[in-house]
1. Stretch Asn131-Lys73 to full length: gain in nm at 0.36 nm per residue minus the Cα-Cα span?
2. Place a point 7 Å from the Cα of Asp98 along the Cα-to-Cβ direction; which residues of region 110-129 have their backbone N under 19 Å from it?
3. For a quick check: with amide H placed at 1.01 Å from N, whose amide H comes under 5 Å from Thr122's, ignoring anything fewer than 5 positions away on the same chain?
Amino acid sequence: MPFTAPILPPGEPAAAVTPYGSADTTPPVRRGHRTGEAMADRSPNRFRIDRSSAEEEFGLACQRLIPWPGGDKEPPVGAMACFLRPGGDSDPDCHNQDEVMIILSGTGSVTLDGELEPPFRTGDIVVLPRNQEHVVHNTGDEELSWVSLYWPLREPAIRTENEEVAA
């Protein structure tokens, strides 16, 4: 099943009904935590991790979180929410960026450079060192979800003995 709903820029109204409300973008009013003043439940500086906003990448569904659409300045890190079906495996991936997985739900394992690592579960943090091929495995009966943080945002070039890299 393809995941084609875009991540909307902060403040842009949804074009269709979502799992978190209707296309009506009038925010409900609630009282502030400390001031008691009325405030909107939605903010242009906040959005939700939402599987329906994910797109197929790397053999799983990914929702890009950082950088977010409409951001003024490029951040030093990237982030995405990932969703992997029960029994599924991601495509092999290898990049010149460090990556940390924060497991939101489910159970799984990861193969790093051909070696199966110990299993992980909800609440665990998994470190994927740069330049090591990795495959994520969902070993449970429910969808596995996590947030991946990676840095630097843009993958730096790797120098080899027989190759020169332009500065």
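1. Numbers: separation 58, 0.36 × 58 = 20.88 nm, distance 2.70 nm.
Value of the extension gain: 18.2 nm.
2. Of the residues in region 110-129, 112-113, 124-129 have backbone N under 19 Å from the label point off Asp98.
3. Residues meeting the amide H criterion: Gly106.
The numbers here are math on the coordinates, done by the rules we state, and not lab data. From a predicted model like this one, the values you see are computed outputs, not experimental measurements. Here Cβ is always computed from backbone atoms with ideal geometry, including for glycine, and neighbour counts include all displayed protein chains.
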